[in-house]
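Below is one structure, written out as structure tokens; the observations come after it.
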There are 2 protein chains.
Amino acid sequence: MATKKQILVLGGGFAGVYTARHLERYLRPEEASIVLVNQENYWVYQPLLPEVISGLVGLMDVVCPIRQLCPRTELVMREVEKIDLANKVVVVSPGFRPRPLELPFDYLVIALGSVSNFCGTPGMVEHVRPFRTLADAVSLRNHVIYTLEEAEIETNDELRRKLLTFVVAGGGFSGVEVLAELRDFVEKVRRSFPKLRNQKARYVLVHAGGRILPEMSESLALYAHKLLGKRGIEIRLNERLVGATSEKALVGSGFQIPAKTIISSVPSSIPLVLQKLACEKDGGRLKVNANLELAGHEGKVWALGDSASVKTFSGKRAPPTAQHAIREAKTVARNINAAIRGGSSTPFAFEGLGTLGSLGRYSAVAEILGVRVSGFPAWALWRAIYLAKLPSLRQQVRIALDWLLVLLLPPDFVQMRVVREAGIARQHFEAGETVFFQGDLGDKVYVIRSGECDVLRESAGAQRHVATLGPGDYFGEMALINDVTRNSTVRARTNMDVLLVPKNDFEALKSSIPSFADVFRKLANARSIGNPESATK
Amino acid sequence: MATKKQILVLGGGFAGVYTARHLERYLRPEEASIVLVNQENYWVYQPLLPEVISGLVGLMDVVCPIRQLCPRTELVMREVEKIDLANKVVVVSPGFRPRPLELPFDYLVIALGSVSNFCGTPGMVEHVRPFRTLADAVSLRNHVIYTLEEAEIETNDELRRKLLTFVVAGGGFSGVEVLAELRDFVEKVRRSFPKLRNQKARYVLVHAGGRILPEMSESLALYAHKLLGKRGIEIRLNERLVGATSEKALVGSGFQIPAKTIISSVPSSIPLVLQKLACEKDGGRLKVNANLELAGHEGKVWALGDSASVKTFSGKRAPPTAQHAIREAKTVARNINAAIRGGSSTPFAFEGLGTLGSLGRYSAVAEILGVRVSGFPAWALWRAIYLAKLPSLRQQVRIALDWLLVLLLPPDFVQMRVVREAGIARQHFEAGETVFFQGDLGDKVYVIRSGECDVLRESAGAQRHVATLGPGDYFGEMALINDVTRNSTVRARTNMDVLLVPKNDFEALKSSIPSFADVFRKLANARSIGNPESATK
């Protein structure tokens, strides 16, 4: 062993963090330095993430600083931008200085997990919430509280029903747990809202398969289905979410669910930086051998977790769960140790101990080493196992206290919007949907990216068609410029995608870029002089 | 008493919430309905806000849902946009539907507090952090953790020193508490950062007066000054923050402090909606009489808290503290009760029981009913009083546990960025500062709002002046369009204010608005053909 080896671990989920922890144990500091790259400086205890929605677990308690879990590992809190296998270097995003940082490596571990992939389905990116990261969980919780606050003061019945409808697409563990926690939260909290006490909320689970929880045996799935049904959750099997707008979820069979909250746990793919990586793929994931070495880069590069096509002992694809990632991490660390110190690689040989899923409110389903358990015993087991598996004492104590206090104290439903403005955004409209109504307040400018819309004006009780706008056209600026309400109604004629420029951004651009202001000045003149009817505020 | 009266309370701080609580106690539901308008659905226990920075108190534990504190009050989670005293109606911001909501009232309580007001000082809005709301505290904590993570991996010494310098302007209670907590947090947490263990962080308190803590007697202020000095805090008296850039704080005497973190607790004014209100003002605040009635609207409108010019019993202006707001709230509620049921108004007569301020790490200064206490006894008293004053059991239990656990568990320094993109923003440069360097990554376009900058290009070791740009000019777009690094260095020639358009927003606008794209296409042509030298990526 001549020089100190550089081991680079990409990703700070279960797979990455546990690899680093094992490496710290196997190798002495003078043998190898370990660097871990992760966008966040914390690791998330993913299995408890749904409990953040309901506040059963405090949002700061499901996470732990990576530096505390791997004290000997150097953490680089940046994003991975490029992996250069030939030159053995990884480029990460810049920090305060706009310079890329290059990290060389002797051994590379790829554990970047998977990302939500809503591309291709209209309106999904804009209007469907993923549920994958802590930020997703916090954002969902805040959104749900906002819908309840608005439902309480809303006088329009149709809108109030939309505000109280919650749709989850995907009936696997993740989707079921999210909807179960969301329902428990809404049902518990709405007692604090006088006008919502007698309002029924609607919860819909849309699942593409013939039964929910495909990860489990049929009897447990049926048990779960019945239990969720009893709690008022509407389960729609053999249906698929095919589109979404800000007003509704579109389901494959042509069915529509008017709702302001749509969540999908379904589509995922490996991150873009791995998609671009010049190496063999297997079913969209990085191809690895039984030793978890990247195909074509054996002995130098390992891949594991959700990014890699890992096979279990019996040859099935390893599911994206913590128990598998932790075992894979141990195999990778052991094999890197063998590569550095000399020795033979060992293959990954784990089949899974079982499956566990919470159904909320003291119920769960579990299948452990072939034994099926359901209801309260499964729930108690679920909590005990997850608490025991937490790697840090801080989290164990805080989560145990969270679970205890929630029984004693009134629920918390604080809505924490740290950032208000969304900036320039996109929105999808289905044909026939209204963009805004005459008389509405104007707070943004719309630019049509694709599709068409009709401009309609009401006067003396009659509605007239004033203009049709298409791609590249913009509308809604007049209400901003003159600070008045919309002077017409705009309705999508076809499916339509727009860019939203908020009032503040629009005004900043207009006042700073003369030619940008010119564009709108000319348009305003054309609309008010050339064709006074087509002026659209 | 013929009809049910409508009482409208604007603001959900100590003043507003305690007014609603007292009104709930005094009046029967059939006598009056109480509506409270607040932007957030929670009330913040302001005195403990600095402890959120250090994580001594969990961020969700300093807040409480307003609905739980005032169960009989209708909460409207919206922003107050207009107060129409003549027509007795308040207009609030829209929710999901872009329609304004009008709230009529018989009796109005104005308790909208104060807002940060950085206007007029160059760079303050862009580069100085206020410390007033929970969002400010969370954002500051996240920023500080980010600077530590970056300092750990930064190789440039100058930048590392900037990352480890923390400046607070304002040496009153608020500024002192913020800097003391910030220092404690950084000193505790940097032990988890191997490279920062031997790095010294710099803490600077800039105060305009001749001694800190003007709220207290001189002997206690001197005690605090010495103690903070011993803990490594640099105190600069008789100095004022006069400007800021992303790189440094500018102090009145011409002194500069290179720093990436600048906080100001100083400037405040009443919210814009109150500034516009047609009524008498006194020192920039709403003028009220001894009964806290708004001048000219006696018997109908009351104002209290930081929005109003309330006088104490001895005729001094009431300080912006919780103890005063709570007593004012009781006076207002009693006087509204008198107005509804008949009876005479009572004047506000409270002098203040004393002052209390934490200095961090088991020290505080206190002056209660004339008795001066300092050090640990003051700190113990401070904690006991604040814990006892919490209105909800949930918060008492959780905060007591937070304080206990912090002694037993390792510190938490999770960096929670929920939102990444900032959108279109502004930046201020002082003359001579570099905007970007040749070779930097390009991630935004700059539009000059005022001032000028030089474009400099280095080749074969020599730097040449290529162009000077002024208001309305933009630069930096070439690196985005061609996805390469900056081909020149841009430096501010005079003080300069710019608009930053992030890459994503720039591309969305360019691809959706043909005329916007044209502007940049023409510019690119002019720069590369007409004058190849002036092309600025």
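Each value in this text was obtained by applying a stated rule to the coordinates, not by laboratory testing. Worth saying up front: this structure is predicted, and the values here are computed from it rather than measured. No Cβ is skipped: glycine too gets one built from the backbone with ideal geometry, and neighbour counts run over all protein chains shown.
Annotations
- Over 13 Å [Cα-Cα, segment B:467-515], rounded percent: 66
- Nearest-first distances (nm) between copies at B:S253, label 7 Å from Cα via Cβ: 7.8
- Computed over chain B: relative contact order in percent, which uses C-alpha pairs under 8 Å that are six or more apart: 13
- Segment B:1-152, dipole about Cα centre (Lys/Arg Cβ +1, Asp/Glu Cβ -1), debye to the nearest 20: 700
- Straightening the chain between B:E351 and B:R191 buys 53.1 nm, computed as 0.36 nm per residue apart minus the Cα-Cα spacing.
- Difference of contour (0.36 nm per residue) and Cα-Cα distance, B:T312 to B:E452: 45.3 nm
- Charged side chains reduced to their Cβ positions (Lys and Arg at +1, Asp and Glu at -1) give chain A a dipole of some 900 debye around its Cα centre.
- Over chain A: helical MRE at 222 nm, DSSP H runs n ≥ 4 each giving -39500 (n - 2.57), nearest 500: -9500 deg cm²/dmol
- 19 Å Cα-Cα threshold exceeded, pairs from A:K226/A:K316; B:K200/B:K260; A:K287/A:K316; A:K162/A:K444; A:K195/B:K300: A:K226/A:K316; A:K162/A:K444; A:K195/B:K300
- Our summary gives segment A:425-534 a relative contact order of 37 percent, counting only alpha carbon pairs under 8 angstrom and 6 or more residues apart.
- Sites A:Q396 and B:W403, calculated FRET efficiency, Cβ-Cβ separation with R0 25 Å, nearest 0.05: 0.85
- Axis-proximal residue of chain B for the rotation onto chain A, reported as residue and distance in whole Å: B:G423, 1, based on Cβ position.
- Estimated dipole of segment B:245-348 in Debye, rounded to 20 [Cβ of Lys and Arg +1, of Asp and Glu -1, Cα centre]: 140
- Applying Stokes-Einstein at 10 °C and 1.306 mPa s to the Kirkwood radius of segment B:25-91, computed over alpha-carbon pairs, gives a translational diffusion coefficient of 111 µm² s⁻¹.
- Taken over the protein assembly as shown, the percentage of Cα pairs per 10 Å bin, counting from 0 up to the bin with the maximum distance, is 2, 9, 17, 22, 23, 17, 8, 2, 0, 0.
- B:E158-A:V484 FRET efficiency (beta carbon distance; Förster radius 45 Å; 0.05 resolution): 0.30
- Exposure proxy ranking, count of Cβ atoms within 10 Å, fewest first, for A:H22, B:H465, B:H143: B:H465, B:H143, A:H22
- Counting Cβ atoms of other protein chains within 10 Å of each Cβ in A:473-485 and taking the mean gives 1.
- As a rough guide to protection, the peptides B:51-61, A:273-283, A:315-325, B:262-272 ranked by mean Cβ packing within 10 Å, highest first, stand as B:51-61, B:262-272, A:315-325, A:273-283.
- Normalising the Debye intensity of segment B:54-204 to I(0), with uniform scatterers on Cα atoms only, and taking log10 at q = 0.11, 0.12, 0.15, 0.19 Å⁻¹ returns -0.65, -0.74, -0.96, -1.24.
- Sorted from longest to shortest, the spans of the Cα atoms of chain A along the three principal axes equal 86, 55, 41 Å.
- Backbone N under 17 Å from the A:Q463 label point (7 Å along Cα→Cβ), restricted to segment B:96-117: B:98
- Other-copy label distances relative to A:K188, 7 angstrom Cα-Cβ extension, nm: 2.8
- In chain A, a dipole from Cβ-located charges (positive for Lys and Arg, negative for Asp and Glu) runs towards its positive end, and of A:S192, A:G229, A:S139 it is A:G229 whose Cα lies farthest in that direction.
- Against the rule of thumb 2.2 N^0.38 Å, how large the Cα Rg of segment A:425-534 comes out: 1.02
- Summary for A:T312: label point 7 Å along Cα→Cβ; distances to the equivalent points in the other copies, ascending, 7.1 nm.
- Exposed chymotrypsin sites (Phe, Trp or Tyr not before Pro) absent - longest run of chain B, DSSP non-H/G/I/E/B, at most 14 other C-beta within 10 Å: B:1-254
- Cβ-derived FRET efficiency at R0 41 Å, A:R426 paired with A:E234, nearest 0.05: 0.90
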